[in-house]
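The values are calculated or read from the model by the stated rules, or taken from the named source; none is laboratory data. The shown structure was predicted, so the numbers you read here are calculated from the model rather than taken from an experiment. Neighbour counts are summed over all protein chains in view; Cβ atoms, including those assigned to glycine, are modelled from backbone coordinates with ideal geometry. Areas reflect the complete protein model, heavy atoms only, side chains present, ligands, DNA and RNA absent. Shrake-Rupley method; radii C 1.70, N 1.55, O 1.52, S 1.80 Å.
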Amino acid sequence: MAQKTGVPISWFPVPDESELPENLQGLFRKAKENLGFVPNVFRAYSFRPERLSAWFNHYKQLHVPTDNLSEAEREMIAVAVSMENGCLYCLVAHGAELRRALGDPVAADRITLDYRRAGLDERTRAILDYAVKVTKEPLECTPEDIERLQGYGLTLEEVWDVAEIAAMYNFTNRMSLACGMIPNEEYHALFR
């Protein structure tokens, strides 16, 4: 399957929607209702339908905001990790989601491209620094990293969420890169 530009959305076969189990056809319908399109990551992951279901359920759980870790901060983790990994798909798709969550497209684009120079407060910078440490230097993670984030008001469960979101995007980035996933063209214009 290719986009309007003729670029395939994945190097692996992309099944026709009608070939998918009903629950995934329902997911695709819901995406069309909410976004106006089906994210290419859904289409690409549908090569292994049971894994798409598991991945999406995990994704949904990780993006539920909590008292001290907002929806926008969770998207910031996604883009910070994705920038470290050079994942085009996630930078474009989650950059759009960050624009929506923040309601500030300029700030969202700056955070997506270089959170270190985006003028973030110390707390948010610490969250993203930890996510990047999990990505680049996981052997360097220490109990002090956990304590530092707790010092900024995150619960122990929310610090876990930062690590788990970072780990999930490391997985997702690597699958996207290994499959040659291309983001939907529609993402580029969203929430500007």
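Taking Cβ atoms as reference points and 15 Å as the exclusive limit, the residues near V81 contribute a net charge of -3, counting Lys and Arg as +1 and Asp and Glu as -1. Partnerless cysteines in the chain, where a partner means another cysteine C-beta under 4.7 angstrom, comprise C141, C179. Rolling a 1.4 Å probe over the protein heavy atoms of the stretch 95-151, with every protein chain left in place, gives an accessible area that is 48 percent carbon and sulfur. Distance between the 7 Å Cα→Cβ label points at Q61 and R123: 2.6 nm. The residues of the chain expose, per residue, 51 Å² of accessible area to a 1.4 Å probe.
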